[in-house]
Every structure is written in structure tokens, then in C-alpha cells.
Amino acid sequence: MDMMQYRTVFRMAAAAAVALVGCRPAETQGSQFHPRDPASKTANRTHFGTAENMKPTYSASLYDITPLPPEQVKNLAAKLNPEAYRITQKADTEAPFCGTLLDNKKDGIYVCVVCGLPLFSSEHKFRSGTGWPSFHREFDPQHVARRKDKSLGMDRNEIVCARCQAHLGHVFDDGPPPTRQRHCLNSASLRFYDEGTALPPESRPVETETAYFAAGCFWGIEHYFQKGQGVLDAVSGYMQGRVPKATYKQVCRGDTGHAETVKVVFDPQRITYRRLLEVFFAMHDPTQRNRQGPDVGTQYRSGIWCASEEQRRAAEAFIAELREQKRFGSRPIVTQVEKAETFWPAEEYHQDYIVQTGRSCHVKNPW
Ligand SMILES: [Zn+2]
């Protein structure tokens, strides 16, 4: 489950250039759908607030979508104009053909007016003739949550922002292909950013960092790294060996030079590399050479494979601290610190092994 494959993100504008349009008569029935041209996508960075004691949640497009605590939503909502407050916080609806974004034809993204999470893209906007901005899909399905709405004697699906729960509108099954869905929005729930200028931090994706640790059998190590707050993904694999595309069989024979390694993709805004180092040293015995627990061989050696010069300096300084503190008594730390080479993901059946098999492991929970 490599979340990085979903890395599709947008660089866009800081200034919301919203063209104000006046109310106008209803369009005739049966007007044509005109899906917009695709918006260009490039990488950028983001970070947003936290609910306490809750493991941060990230969407497939790498946004931090951890639900905001009610107090934080309240503070953000207090900055809204009366109409946006009434619609997003009290689930009201703006009058048709009056919203400021109904006729907006510019390329860009539509973010939540309360918390800034990207919700819709101009790429998916179409003219529905209903009088409200309409989209045939979400920017990312994980950014828009659905709730049953039985108000007004109707059976509808309400849509809300997944991060702050702001009311957005409703979704219906009468949209155009390919989704056949119509997300019917209130302009007041959205803020539009033109494509091509910088977005504020709350509207940008997470800029992740990657770390690599070898600490014996990867099953338990991967399992506990995955539990870390701010860890987006932990993957089992092989590193620092001599042959490409190593397999478990080859590595087990011990003649390829690979070490069983866990790749940790993390959000440096939520967890530091130093904290990952602490956890790494808490999960294994760095004084054992080429063995951990019942496993013996060079593939089970202790190692930190550094993705940057900064990581190397941090790892070496941390080991020096441990030595000074005599954390492991008189036994020398034999952990290798090397520049990271190519990471080869292990076979699918090794991934999430502890969860998949229900087996336990000799590694203790370090968190
Ligand atoms: Zn929101």
C-alpha cells in the first residue's frame, strides 16, 4: 500500500479572484453539460491542525484530513461572513442563481471556506442549469464526506467537508458521465483559487520525508512504525545489497548483502526524525551484531540508511548521545549508519504481516 503513488497535487493562487455575478433568470431545462478542461498539477506542501490524541489521517492525495477539534472549527467559523456562517454551520442553502461561483469558468481549485481543504476542481465543474455550482466528482473523495439528510420531507445525501464538517450542499445521481453524479454546492461554502499562484499552508498537501531502518525481522518493526502519529506509511523491503530486485529467497540465503529494512514515510510537521530514531532504538538491541531475537544472519543487522546528509548527522549525533548515556551499559552499539541505496519493496505477503496474520512479534510497542 504505497500511498506515494497517489501524489497528485496542485500549485495554485493565493489571491482568490472570484468574479462576482448578479442573479439572473433560470436556465432552460435540458441545458448541455460542459465539463471543464483539466487543471495542471504539480507538487507543493501543506500542514494543518490536530485533534488531540488522534492519529493524524491523510488522504490518498496526501492532504492532512484529521478532523479538527470543535473548538478550532468554532474559531475558524467566527471569521466567516454571516452568509457563509449560516450555510456552513447551520446547513442553510443559498438562493439559486445568486452564488458568486456559479458562473466561474476559470481553472483552479475550490477549497473549504472554513478550513481551506481542497474540495473540488474546475476540471470537474459543469453547467447543470440548477442554479448552484455543480461538479461531477470531488477533488479527492476522502475530502468530502456524505451524510443522510431527511430534512424538508426529502431523502437526500448531504455533503460536508471531511476535515471541519462544514455543510457544502448535496450530491445527487443525475450528473453527467463518467460519474453520473452531481455535487450541488453553495458558493458560500467555497473559496476559489486561480491556478498558478501559491496556496496558503492549509490548502497544500503534506511534504513528506522518508527514513529507512533495519532492525532485524521487518514484520514487527513495520507494524510499530506504522502506528506512529504522523507516519503515513511503513513498508517492508530490502536495502544495501548488491543485486537489484532482491527477493526474500535471495535475501534469506544471505549472499546478496541486503538487510531487511522498513521504509517510513512521515510528516515532519507531526513527527521528527529524532523521534523515529528513539523508537528505532527502543524496538531492537543495537548491540547485537547480525542478529535480533531468534533471527541470525547479515540480513538481520542493525542499520540506519540515511536519505540525506541531515539524517546522517542526526543519526550519528543520536548514537553518540546513547553512548555517552551508557544506555546499553558497556556493550558497544554496532548499528551501521550509511547513505541509503535503492529500496526494494518486499513481496506482498510480507506487508502488514502482523495485522494480516494476527501473529504477535518479539518487538514491543515503543510508542
Ligand atoms: Zn473544511
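Quick look at the values:
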{"quantity": "Flag if ASP107 is surrounded by 15 or more Cβ atoms within 10 Å (Cβ to Cβ) and of a type in the set (Asp, Glu)", "calculated": "yes"}
{"quantity": "Qualifying position, being among the hydrophobic types (A, V, I, L, M, F, W, C), modelled with pLDDT of 95 or more and either surrounded by 14 or more Cβ atoms within 10 Å (Cβ to Cβ) or assigned to a helix (DSSP H, G or I) (or both), among VAL251, VAL243, VAL262", "calculated": "VAL262"}
{"quantity": "Any hit, the range 181-204, residues being modelled with pLDDT under 95, more than 16 Å from the ligand (Cβ to nearest atom) and either under 20 Å from the mean Cα position of the chain (by Cα) or surrounded by 23 or more Cβ atoms within 10 Å (Cβ to Cβ) (or both)", "calculated": "yes"}
{"quantity": "Residue satisfying all of: in the range 269-300; assigned to a loop (DSSP other than H, G, I, E, B), within 34 Å of the chain's Cα centre (by Cα) and of a type in the set (S, T, N, Q); surrounded by the fewest Cβ atoms within 10 Å (Cβ to Cβ) among these", "calculated": "THR272"}
{"quantity": "Considering residues of the range 148-180 that are touching a strand residue (DSSP E or B) at 6+ places or on another chain (Cβ under 8 Å) and of a type in the set (Val, Ile, Thr) only, the residue surrounded by the most Cβ atoms within 10 Å (Cβ to Cβ)", "calculated": "ILE159"}
{"quantity": "Subset of the range 147-180 [within 16 Å of the ligand (Cβ to nearest atom) and either free of Cβ contacts under 8 Å to residues at least 12 places away in the same chain or farther than 21 Å from LEU101 by Cβ (or both)]", "calculated": "ARG147"}
{"quantity": "So HIS143, is it under 17 Å from ASP92 (Cβ atoms) and either within 13 Å of the ligand (Cβ to nearest atom) or of a type outside the set (D, E, K, R) (or both)", "calculated": "no"}
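The values are calculated or read from the model by the stated rules, or taken from the named source; none is laboratory data. Everything numeric here is computed off the predicted structure, so don't read it as measured data. Backbone-built Cβ (ideal geometry, glycine too); neighbour counts: all protein chains shown.
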